[in-house]
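Notes follow once the structure below has been shown.
The values are calculated or read from the model by the stated rules, or taken from the named source; none is laboratory data. Quick caveat, the model's predicted, so the values are computed rather than measured. Cβ coordinates were reconstructed from backbone atoms using ideal geometry, including for glycine residues, and neighbour counts include every protein chain displayed. Heavy atoms of the whole protein, side chains included, go into the accessibility calculation; ligands, DNA and RNA do not. Shrake-Rupley method; radii C 1.70, N 1.55, O 1.52, S 1.80 Å.
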Amino acid sequence: MHQEDIVIVTLKVNGVERPLAVEPRRLLCDALREDLGLTGTNLGCEQGVCGSCTVLVDGESVRSCLMFAVQAGGCEITTVEGLASGETLHPLQAAFWEKQALQCGFCTPGFLMAGVELLRRNPEPDEAGVRAALAGNTCRCTGYEHIVDAVLAAADGAARERTFAEEPEVDVAAEVVAREGR
Amino acid sequence: MSQPRSWRGKAGRTMETQERRWIGRDLKRREDPALVTGKARFTNDVSLPGMLHAAVLRSPHAHARILSIDADAARELPGVHAVLTGRDALELIDPVPCFAAEPVEERAIAVEKVRYNGEAVVAVAADSRYVAEDALGRVRVEWETLEPVADAEAAMEPGAPLVHENLDSNVVYDQTFTFGDVEGDFARADRVIRRRLRWPRAAPAPMEPSGAVCAYDSAAGRMDVWSNTNMLNFVAWTIAGTLKMPPHRVNFHPMYTGGSFGSKHVLGKQVAIAGALSKATGRPVKFMEDRADNLMANDSQGPERVYDAELAVTDEGDLLSLRLHTVDDYGAYFMFAITGNTNMMAQISGPYTISSVETGIKAVLTNKNQQTVFRGAGSDVGNWVLERLVDAAANELGLDGIELRRKNFIQPDQFPYKIPTGNVYDSGNYPAVLELALGHADLDHWRAEQERARAEGRYIGIGIATAQQRSTYFSTEFWFHNPAPATGLTTSPESVRIGIGPTGGLTVTMFSPFWGNSPETVVSQVVAEEFGVDPEEVAVDYDSTMHGLPSAGPGGSRMTVMLSGAVRGAAAKVKKKMFDIAAHLLEASPDDLELADGRVWVKGFPVEERSLSIADIGMKAYWHKLELPEGMEGGLEGSYTYDHPYASMPSDDRTDLGAFYPIMGHACHVAVVEVDAETGRVEFLKYLAAHDVGTVVNPRSLQGQIRGGIAQGIGIALYEEVRYGPEGENLSASLDEYLLPGAPDVPRVEVLHHETPSPFTEYGVKGGGEGGRMVAPPAVTRAVEDALSPLGVKIGALPITPEKILTLTQGREA
Ligand code: FES
Ligand code: FES
């Protein structure tokens with residue numbers, strides 16, 4: 001590797017700035033897994049098909065095997081390691097555990113990231129919506145039913161929490177617009 | 001032979017009378033927190049100081065001689081530490097393990113010629129995978145291409161090019177087995193149902209590819225291996241042979257495995273590539289397959305069979321005899337011999353009282369990646385073939401398929417039941433499983449829907465399959481197909497160690513890795529049952545092969561059965577010692593003691609002062625030698641190697657194969673589909689699965705296996721096929737081309753359980769890991785065929801892709 005090939009790039013991963021010296025061709029997945037030691041993101045195909053390497057880049061789900069690390073410079077990246085707060089699981093992680101949405105767990109980080117994005121875009125999806133949103137992620141173990149149930153359960157839990165916490169301030173008109181817009 | 005224990009019916013579930021505290025509880029899996037947070041460590045997550053990364057150059061040809069390899073430019077690339085051709089590797093590694101009697105040699109890196117598109121030709125170790133792949137781009141190979149044999153039929157032609165020149169023919173195995181009076185039964189039959197049936201080559205394709213990190217330490221003369229290979233303490237010693245190492249100096253570390261489905265039993269090739277490069281460089285080396293490596297060269301493709309299948313029946317619908325002749329395309333090597341064909345002999349006659357069977361097997365070598373096993377291991381094919389014949393019989397005889405099945409079921413009072421091949425079915429209640437399924441299937445509703453749809457020109461179909469799911473293999477299945485006296489392997493063990501520490505904490509150690517099921521959860525539930533403690537208090541760990549006990553590992557739906565047995569055996573040893581210590585301290589006889597709620601009590605004296613906690617006893621065992629019974633060894637632990645609970649030898653003439661897969665589960669699946677004649681898409685309107693795998697240890701874990709297996713069964717029925725072109729070129733080396741079902745393709749599955757405990761296993765457990773995949777294909781096939789029956793369509797080949805459906809529907813309509 002020649003010195004002139006090296007690019008300095010700073011990724012903000014799970015809230016922490018991480019400067020890196022990488023070749024321009026280095027994939028984001030390898031930077032995360034090998035350079036930053038965040039091995040929770042798994043590689044199932046490196047062909048951009050299976051979705052197991054999904055991370056969030058500025059809130060959008062991205063296949064980290066299809067993006068160069070240098071393209072993510074300055075971006076906020078969230079990986080599976082960034083979902084829980086301390087020992088408290090993210091509600092979607094908790095739902096995956098509760099519903100046994102995994103067997104080998106290899107695809108799970110990718111599904112979690114895709115699920116987090118889905119629930120942000122559409123907090124109250126129906127089953128068909130969940131299945132469609134997860135169509136880019138492959139799981140060979142579960143048959144998907146428990147994954148779909150986990151996402152629906154997390155949506156349900158969040159909806160209940162919203163009603164509970166935000167009831168006095170709900171702007172009914174805005175909510176209707178938001179729902180129709182989805 | 002022992003008799004089934006007493007049991008009673010209860011709301012559609014058959015339960016043993018004995019109530020259990022932890023076995024059968026629907027507990028959340030203890031494996032999951034590490035997996036949902038990304039903390040679980042898979043093979044690709046291993047990183048060692050100084051570790052290099054490997055990449056492999058693969059053959060672009062299906063059949064070619066290697067004339068020369070120029071790797072100088074690759075060696076000169078900065079960052080490259082080793083470049084190994086097959087010839088270079090000869091000093092470092094021997095052929096990879098092969099469990100066939102036939103002399104079919106496979107090397108991790110091809111030496112003289114390549115036998116399939118994707119075979120390894122050069123392996124490189126470099127500072128990064130990037131540099132390793134750069135180096136591969138600089139290798140020049142001079143080839144002499146040879147005519148490929150791209151399918152079994154071509155391979156059998158006289159004068160066909162030989163895949164292995166040391167064999168006279170590509171037909172590497174050719175035998176016919178006859179069990180019972182096949183001639184007589186066919187002569188007696190009113191009719192013979194004949195079908196030609198094709199099962200497609202498929203790939204397990206777990207989401208995690210295979211791989212290994214090897215660290216060779218020349219000073220210590222030792223190799224450490226972190227690999228997702230599964231049969232650690234059973235066959236890892238043969239991989240040590242490949243590495244040219246004494247087996248007791250090769251330490252395999254059990255790794256979390258991202259699914260196997262048969263593809264990771266013996267990763268001789270992957271370990272050999274990393275191991276050879278580690279020996280060559282003196283540094284740790286990681287070789288991880290990428291998806292193309294996995295789909296081209298993993299050595300785990302499933303059967304590719306054509307059957308000439310015949311079922312002898314009477315006009316009244318009695319199923320008399322079965323005659324199956326198959327040509328099976330094994331690809332370029334023969335690692336597990338014809339295991340996929342012997343396996344299905346365990347349940348070849350299904351749940352039916354068929355009294356004789358003939359099965360002829362021609363195994364053919366071709367220029368494809370080799371066949372070994374894929375979940376179901378050939379019994380998936382057997383179920384599909386038999387159920388296809390039963391459906392065809394119903395059709396031809398004008399009988400109802402359900403009635404025909406019911407009429408021919410082995411009855412509950414006939415167990416243990418010996419089938420024609422000699423295998424024994426331990427227990428079962430097939431009519432009850434069928435009734436359970438029908439009770440939830442609402443067939444009247446769906447038949448009415450079907451009528452309505454047909455009137456509108458739409459196609460709705462109903463498919464039912466009733467089929468076996470053998471569990472807990474016995475190792476005679478690996479060799480009994482060879483006509484020789486019965487002298488082969490007769491062990492199929494699984495071990496655990498249970499230790500109790502000075503503060504009473506229980507630790508269970510397993511010697512087979514986590515492979516995607518729930519071994520930690522299962523083991524902690526069984527330990528909790530045995531010791532009367534909460535499963536959450538039990539610590540569970542794995543140990544490496546240097547510290548290992550005999551353990552065959554996952555495969556053939558055995559782990560829940562075998563781990564339960566091993567835990568029970570180890571617990572008995574530990575409890576014996578606990579009772580001896582307690583008896584000494586409480587001045588009672590061990591026979592008067594009992595263990596409940598984590599304490600040892602004197603029977604009939606439920607007072608705390610006359611009892612000892614597990615911690616009390618643990619502390620005495622560790623710290624108070626003088627308070628132990630005279631001469632007793634300190635410490636408190638027990639290990640147990642549980643072997644097959646019920647098996648027997650094959651006869652020398654192989655007219656009786658012995659009991660080799662006797663822990664027999666059963667299932668009934670009901671699928672309702674709508675076929676879109678415009679697009680060819682198959683949509684599921686309902687899917688129901690009633691399973692009987694004996695005592696259920698953890699319902700959610702089992703249901704996960706069933707649902708996931710059904711998704712794979714749907715995959716092979718509708719989408720999955722490893723395809724090769726006319727020149728033997730692999731046409732499905734990415735997940736874009738090898739289609740796996742996605743979330744929108746797989747329906748919800750209503751899972752029902754019926755529990756007929758096994759009389760032979762501990763707690764009556766049977767294995768349920770493969771049943772979903774073994775039973776779904778015939779149900780789905782029949783549903784599609786039933787949907788298209790107004791067009792007179794008969795389905796004899798999988799997968800039923802949209803293209804095929806369009807050919808069928810438009811062809812007939814045109
Ligand atoms: S590893 Fe990135 S999509 Fe499969
Ligand atoms: S849980 Fe194994 S691939 Fe999804």
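Can you give me the % of accessible surface on the protein assembly as shown that is carbon or sulfur? Probe 1.4 Å, all protein chains present, nothing else counted.
50 percent
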With each run of n ≥ 4 DSSP H residues scored as -39500 (n - 2.57), what mean residue ellipticity at 222 nm is computed for chain B after dividing by its residue count and rounding to the nearest 500 deg cm²/dmol? -8500 deg cm²/dmol
I'm checking a number: the convex hull volume of the Cα atoms of the protein assembly as shown, normalised per residue, in Å³. What is it? 200 Å³
Need the C-alpha centroid separation for segment B:90-132 versus segment B:316-359, integer Å. 33 Å
Could you go through segment A:50-65 in sequence order and give the Karplus-derived ³J(HN,Hα) for each residue, using 6.51 cos²θ - 1.76 cosθ + 1.60 with θ = phi - 60°, rounded to whole Hz, and x for Gly and Pro? 8, x, 5, 9, 4, 10, 9, 10, 6, x, 9, 6, 9, 7, 6, 7
With r defined as the distance between the Cβ atoms of B:N395 and B:E627 and R0 fixed at 60 Å, what FRET efficiency is calculated, to the nearest 0.05? 0.20
Between the residues B:T43, B:G772, B:N341, the Cα farthest towards the positive end of the dipole of the protein assembly as shown, that dipole coming from +1 and -1 charges on the beta-carbon of Lys, Arg, Asp and Glu, is from B:N341
Which whole number gives the average, over all residues in B:206-219, of C-beta atoms from other chains lying within 10 Å of the residue C-beta? 3
Of B:K407/B:K794; B:K39/B:K264; B:K576/B:K625; B:K286/B:K766; A:K12/B:K264; A:K99/B:K39, those spanning more than 26 Å from alpha-carbon to alpha-carbon: B:K286/B:K766; A:K12/B:K264
Any chance you could look up the accessible area of B:W601 with a 1.4 Å probe, heavy atoms only, rounded to 10 Å²? 40 Å²
Amide hydrogen neighbours beyond the local backbone of B:F177, cut-off 5 Å, H modeled: B:T359, B:G360, B:I361
Assuming R0 = 41 Å, what is the FRET efficiency of B:R610 and B:M546, from their Cβ-Cβ distance, to the nearest 0.05? 0.40
Of the DSSP H helices in chain B, the ones reaching 30 Å or more along their long axis in Cα terms and averaging at least 0.5 in Kyte-Doolittle hydropathy are B:559-586
For segment A:32-46, Karplus couplings with θ = phi - 60° (6.51, -1.76, 1.60), whole Hz, Gly/Pro x: 5, 6, 8, 7, 9, x, 8, 8, x, 6, 9, 10, x, 9, 6
Sequence-distant or interchain residues sharing an amide H contact under 5 Å with B:N429, placed H: which? none
Run the simple label-point estimate for B:D70 and B:D217 please: 7 Å along Cα→C-beta, distance reported in nm. 4.3 nm
Residue (of B:Y330, B:M296, B:S734) at the positive-pole extreme of the protein assembly as shown, dipole from beta-carbon charges: B:Y330
Report the net charge of residues surrounding B:G376, where surrounding means a beta-carbon distance below 9 angstrom and charges are Lys +1, Arg +1, Asp -1, Glu -1. 0
Taking the Cα atoms only, what angle lies between the long axis of helix A:108-121 and the longest principal axis of chain A, rounded to 10 degrees? 60 degrees
Could you work out how far apart the two model spin labels at B:E133 and B:D652 are, taking each label as a point 7 Å from the Cα in the direction of the beta carbon, and quote it in nm? 5.9 nm
Distance between modelled label sites at B:E157 and B:H440, nm, 7 Å Cα→Cβ extension: 5.2 nm
Can you list residues whose amide H is under 5 Å from B:H81's amide H, if they're 5+ apart or on another chain and H is modeled 1.01 Å from N? B:A125, B:A126, B:D127
Could you derive backbone 3J(HN,Hα) for segment B:212-220 from the dihedral phi with the Karplus parameters 6.51, -1.76 and 1.60 (θ = phi - 60°), listing whole Hz in sequence and x where the residue is Gly or Pro? 7, 10, 10, 10, 8, 10, 5, 5, 8
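What is the sum of charges, Lys and Arg at +1 and Asp and Glu at -1, for the other residues whose Cβ falls under 11 Å from the Cβ of B:A552?
After counting each charged neighbour, the total is -1.
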Debye, to nearest 20: dipole size of the protein assembly as shown, +1 on Lys, Arg Cβ, -1 on Asp, Glu Cβ: 780 debye
